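Everything on this sheet refers to the single structure shown next.
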Amino acid sequence: MSLFGTTSGFGTGGTSMFGSTTTDNHNPMKDIEVTSSPDDSIGCLSFSPPTLPGNFLIAGSWANDVRCWEVQDNGQTIPKAQQMHTGPVLDVCWSDDGSKVFTASCDKTAKMWDLNSNQAIQIAQHDAPVKTIHWIKAPNYSCVMTGSWDKTLKFWDTRSSNPMMVLQLPERCYCADVIYPMAVVATAERGLIVYQLENQPSEFRRIESPLKHQHRCVAIFKDKQNKPTGFALGSIEGRVAIHYINPPNPAKDNFTFKCHRSNGTNTSAPQDIYAVNGIAFHPVHGTLATVGSDGRFSFWDKDARTKLKTSEQLDQPISACCFNHNGNIFAYASSYDWSKVRIPRPALGALRQQSRGFLDGLWGFITAFGQSPAHRKCPRSVSGYRLPCPWVQKDGQAGGADALGE
C-alpha cells in the first residue's frame, strides 16, 4: 500500500485544521484538532521536510503507536496510516527526502517506517528505553542517531544491525537536537554535550549547564547565514536558557529567562512553576515557541529578548510542539504528562538514603514508565494554529511585549 496514494487510514473522514465551530473546554482557542488522535498521551510531533510535497504530521504516543496525517492546503486533516511499537513512542523524526520516518521507543528499539510501502523494520537496539532519534545527512555519510537511558549515543547505518559508532554519555539521555554539522545532547544530572558531525561524529565540548534543574528539552537555532550557532534549553523549573556556542561576549549574549509560571488567583501564594515540555524555532523568523505543563504555549523573540504572545490556558499540559517547514502551521499536543504526579508517603526512614540524583531523576522515570489508568480518561488531541501571525515575526512585537531576563 502506498501511503501517499490513499485517502483512508486509521480514522474516517477529515477535519479542517484552520476553522471550526466546535467548542470544548480542553480547546479554549478553538484551534482545530486532527482526526483520530492517539488513545493515550502524545510525546512527540514532527512535520515533514520541504522535500516532500504538502504537509504531513507525525505523532508518537504512549499508546505505543505512531500516526501520520496529511494536512491539506484547505486545512483538512486526513489520517493516512499508523505503525506500532511494543512500548511508548518517545521521539520521531523524518529522513531528509521525506520517504521515511524514524521512531524511538521505551521498548528499547528504534524503527524505520517506509512510508511508500507502509512497512516498518527495526534498525536499532539499546539496553534501555530509546529517548531521542535524529536523522543525520552529511556529505560523506547518512545515519540515524539514537540516545538512550543506557547512557550511550549510537549511530546507525539503516542497512546494518550493528551501530557504526557508539559514544558513551555521562548519564541517561533526556533530550537532543541535530542540525548538521552540530548535535546537542542533554542528560540526567544536568549534563550537556555538544558534538560536531563533520567527517564523523565526535565530542566537541562539554558545557556547564546554565540551568539549575533537570533538563527537559533542547532545540538548536541558526544564525543569519543559516548555520547552527547555539541552542535553547528548557528545564522542569519553568526556565529556558539561550546559549551560543562561540559568542563574542558570553556573559552578555548567553542568558536565561523564566516562563510557564503563574501566581494563580492568590497573589500572596507561592508561585506555580511548570515544566517546559518543548521548544521549537520558527524556520523563517527565528522566533521560538515554548510549551509547558501549565497548558499554554508562548512565542518569544530571543534577539530582542521579549515575549510576543501567550495562548489561553488549556485544561491539560501541552506535551509537544512543532512548526511545519515554512512556518505557516504550528502544531501542539495536549495530553497528560505526569507533571502533577504525587509520591506516596514513604515508610518511616525510607527516604533517608535516597540521593538527590534519585529525586532529580524521578521525573524522567515516571515519564518513561509511569502509567495510570486514570489519566487515560483525559482528552488527548493534536491541534493546529494557523500562521503566519504578526506576533511570530520579529517586527510584530509592538504593544504588550514583555522583556525577558532572570
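A few comments on the model shown:
- Pairs where the first residue, in segment 97-119, is open to solvent by less than 30 Å² (accessible area, probe 1.4 Å) and the second is acidic (D, E), C-beta under 8 Å, 6+ apart: S99/D114; T103/D91; A104/D91
- The lone criterion from (1) open to solvent by less than 20 Å² (accessible area, probe 1.4 Å); (2) out of contact with any Pro (no Cβ under 7 Å at 6 or more places or on another chain); (3) not in a loop (DSSP other than H, G, I, E, B) left unmet by A128 is number (3).
- Yes/no for K227 being surrounded by fewer than 22 Cβ atoms within 10 Å (Cβ to Cβ), within 15 Å of Y244 (Cα to Cα) and not aromatic (F, W, Y): yes
- Residue ranges of strands (runs of 3 or more DSSP E) in segment 144-192 with at least 2 members at pLDDT 95 or above and open to solvent by 20 Å² or more (accessible area, probe 1.4 Å): 163-168, 173-179
- For P250, the requirement of being without any contact (Cβ under 8 Å) to a residue 40 or more places away in the chain and farther than 17 Å from M29 by Cβ is met.
- Pairing residues of segment 195-221 that are closer than 19 Å to P170 by Cβ and among the charged types (D, E, K, R) with residues that are open to solvent by less than 50 Å² (accessible area, probe 1.4 Å) and in a loop (DSSP other than H, G, I, E, B), at Cβ distances under 6 Å and at least 6 apart in sequence or on separate chains, gives R216/I236; R216/A275.
- Test result for E208, touching a Gly at 6+ places or on another chain (Cβ under 9 Å), of a type in the set (D, E) and either loosely packed, with under 15 Cβ neighbours inside 10 Å or not in a strand (DSSP E or B) (or both): no
- The strands (runs of 3 or more DSSP E) found entirely in segment 23-77 that carry 2 or more residues being more than 16 Å from the chain's Cα centre (by Cα), under 25 Å from Y174 (Cα atoms) and not basic (K, R) are 65-71.
- Residue match in segment 308-324 (condition: among the basic types (K, R) and in contact with a Cys (Cβ under 8 Å, 6 or more places away or on another chain)): yes
- Residue under evaluation S117, criteria (1) in contact with a helix residue (DSSP H, G or I) (Cβ under 9 Å, 6 or more places away or on another chain); (2) of a type outside the set (F, W, Y); (3) closer than 22 Å to I329 by Cβ; (4) assigned to a loop (DSSP other than H, G, I, E, B), criterion not met: (3)
The values are calculated or read from the model by the stated rules, or taken from the named source; none is laboratory data. Just so we're clear, the structure is a prediction, and the values are computed from it rather than from any experiment. All Cβ positions, glycine included, derive from the backbone under ideal geometry; neighbour counts span all protein chains shown. Protein only, heavy atoms only, side chains kept; ligands, DNA and RNA dropped before computing areas. Shrake-Rupley method; radii C 1.70, N 1.55, O 1.52, S 1.80 Å.
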